[in-house]
1. Just to be sure I understand, how many residues within the stretch 325-342 are in contact (Cβ under 8 Å) with a residue 60 or more places away in the chain and either part of a helix (DSSP H, G or I) or open to solvent by less than 70 Å² (accessible area, probe 1.4 Å) (or both)?
2. So TYR3 ticks every box in (1) at pLDDT 95 or above; (2) among the aromatic types (Phe, Trp, Tyr); (3) open to solvent by 20 Å² or more (accessible area, probe 1.4 Å); (4) over 21 Å from LEU230 (Cα atoms) but one. Which box is left unticked?
3. Considering the stretch 55-100 alone, what residues qualify as being of a type outside the set (Val, Ile, Thr), closer than 20 Å to LEU156 by Cα and not in a loop (DSSP other than H, G, I, E, B)?
4. From (1) under 18 Å from the mean Cα position of the chain (by Cα); (2) of a type in the set (A, V, I, L, M); (3) outside the structural domain of THR261 (by TED's automatic domain parsing), pick out the condition that doesn't hold for LEU148.
5. Out of (1) over 18 Å from the mean Cα position of the chain (by Cα); (2) aliphatic (A, V, I, L, M); (3) within 16 Å of VAL246 (Cβ to Cβ), the odd one out for ALA38 is which?
6. Has the stretch 152-164 got at least one residue that is on the phi > 0 side of the Ramachandran plot and within 16 Å of ligand 1 (Cβ to nearest atom)?
7. Does the stretch 282-340 hold any residues that are in contact with a Gly (Cβ under 6 Å, 6 or more places away or on another chain), closer than 19 Å to GLN357 by Cα and of a type in the set (Gly, Ala, Ser), and which are they?
8. Please go through the stretch 13-61 and pick out each residue that is within 16 Å of ligand 2 (Cβ to nearest atom), of a type in the set (A, V, I, L, M, F, W, C) and open to solvent by less than 40 Å² (accessible area, probe 1.4 Å).
Amino acid sequence: MAYKEKQLQNISKQFQIYGEILHAETFKIGHINETYSATYDQGGMRVRYIHQKINKNVFKNPPAVMKNIMRVTTHIRRRLEAQDARDITRRSLVVIPTRDGQSHYRSPDGEYWRTFVFIEGVQTFEAVQSPDQALQAGRAFGDFQSLLVDLPDGRLNETILGFHNTRQRFTALQQAIQRDHVNRAQAAKPEIEFALGHESLVDVILDAMAKKKIPERITHNDTKFNNVMLDTVTGEAKCVVDLDTVMPGCALYDFGDMVRTTTSPTLEDEQDLSKVKMQMPMFKKLAEGYLATAGRFLTRAEKALIAFSGKLITFEIGIRFLTDHLSGDTYFRIHRPDHNLDRCRTQFKLVESIERQEKAMQGYVDRL
Ligand code: GN1
Ligand code: MG
């Protein structure tokens with residue numbers, strides 16, 4: 001920790017922060033990036049900022065990521081200003097430029113750092129506590145997509161190629177099974193069978209997009225519930241974070257990952273599988289919240305796959321966890337042995353639960 005504080009002191013000097021750093025802590029232990037919150041004394045007032053080191057293994061081109069984030073956050077801010085909205089710096093991330101005006105700092109050791117305004121008075125949750133929270137999540141990402149429908153100046157960069165290309169994800173799994181690099185395939189046999197048995201899911205949305213039945217849109221692509229900041233007092237969604245994967249995609253990918261992360265009462269790595277289930281009251285509120293704004297621009301073809309998208313994205317993340325488990329845990333940070341296998345099992349259990357309720361889920365959306 002001492003080392004990190006020292007390192008952060010050096011990092012902090014690179015940005016346009018008008019204060020002295022007092023202390024810093026690890027803020028969020030995500031699967032990918034390293035995130036710190038730092039407290040500064042600024043003219044006698046304490047203010048906080050977020051410093052984040054971008055994971056270069058995952059994001060091969062950090063400047064391209066930052067370019068997207070600048071375009072997206074600037075556009076959202078302008079749109080909110082045009083609506084005379086209030087509380088704007090709590091509703092969209094604000095990037096603090098470096099002292100020479102760049103969106104990020106590249107340190108001598110080749111690492112990429114960026115800084116955001118710390119949003120005060122909000123909290124995030126790993127699991128949903130109430131239908132109202134599901135509603136807030138749906139609304140937050142529906143609003144986010146809707147604020148970006150008129151983003152000018154062309155297509156965003158693809159920060160990770162084929163990120164939600166389920167066919168590619170499936171092929172990667174097949175390869176990992178074949179290589180069986182760390183000898184784990186035998187013990188993961190039931191999960192492997194489940195995955196291979198669900199191959200028919202993987203091309204549905206890809207095909208519809210290839211045939212232009214479903215349009216490409218600007219999407220967040222990582223709409224986990226813990227990426228929504230809720231006001232500590234009112235519980236209202238304020239801001240969505242983790243914008244690294246904002247890029248061209250399918251609106252349904254965003255909705256699907258919300259189903260994955262807001263409808264079960266459990267954490268993503270719950271080991272008691274009997275607790276993992278898609279809860280209808282959560283789904284209903286989630287869909288209501290999302291469609292309140294997204295319903296205005298989604299096409300009929302998109303709406304028809306709403307329930308399916310939850311199953312697909314839950315399956316997709318499940319096979320990604322399984323692939324990483326079979327490959328020796330090189331992508332997702334793990335905190336215990338077989339962690340990625342546990343995560344995979346939880347996803348597959350949820351897929352089964354969605355499967356059983358898919359008709360009712362879609363029926364509800366059709367009637368909205
Ligand atoms: C990763 O870093 P985090 O937790 O926000 C991953 C997502 C997965 C998620 C699963 C860039 O997101 O795609 O859905 O883990 N992000 C990347 O929890 O791969
Ligand atoms: Mg993320």
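1. So the count comes out to 8.
2. Here TYR3 meets the rest and fails (1).
3. Once the filter is applied, which keeps residues that are of a type outside the set (Val, Ile, Thr), closer than 20 Å to LEU156 by Cα and not in a loop (DSSP other than H, G, I, E, B), the stretch 55-100 yields PRO62, PRO63, ALA64, MET66, LYS67, ASN68, MET70, ARG71, HIS75, ARG77, ARG78, ARG79.
4. (3)
5. Just one mismatch for ALA38, condition (3).
6. Residues of the stretch 152-164 that are on the phi > 0 side of the Ramachandran plot, as a first pass: 153-154, 162.
Filter once more, so that each one left must be within 16 Å of ligand 1 (Cβ to nearest atom): 162.
Within the stretch 152-164, one or more residues are on the phi > 0 side of the Ramachandran plot and within 16 Å of ligand 1 (Cβ to nearest atom).
7. SER309, GLY310
8. Passing the criteria: ILE32, ILE50, ILE54, VAL58, PHE59.
The values are calculated or read from the model by the stated rules, or taken from the named source; none is laboratory data. This structure is a prediction, so every number in the text was calculated from the model and none was measured. Quick reminder, even Gly has a Cβ in these numbers, built from the backbone with ideal geometry, and neighbours come from all protein chains shown. Note: accessible area is taken over every heavy atom of the protein model, side chains too, but ligands, DNA and RNA are not part of it. Shrake-Rupley method; radii C 1.70, N 1.55, O 1.52, S 1.80 Å.
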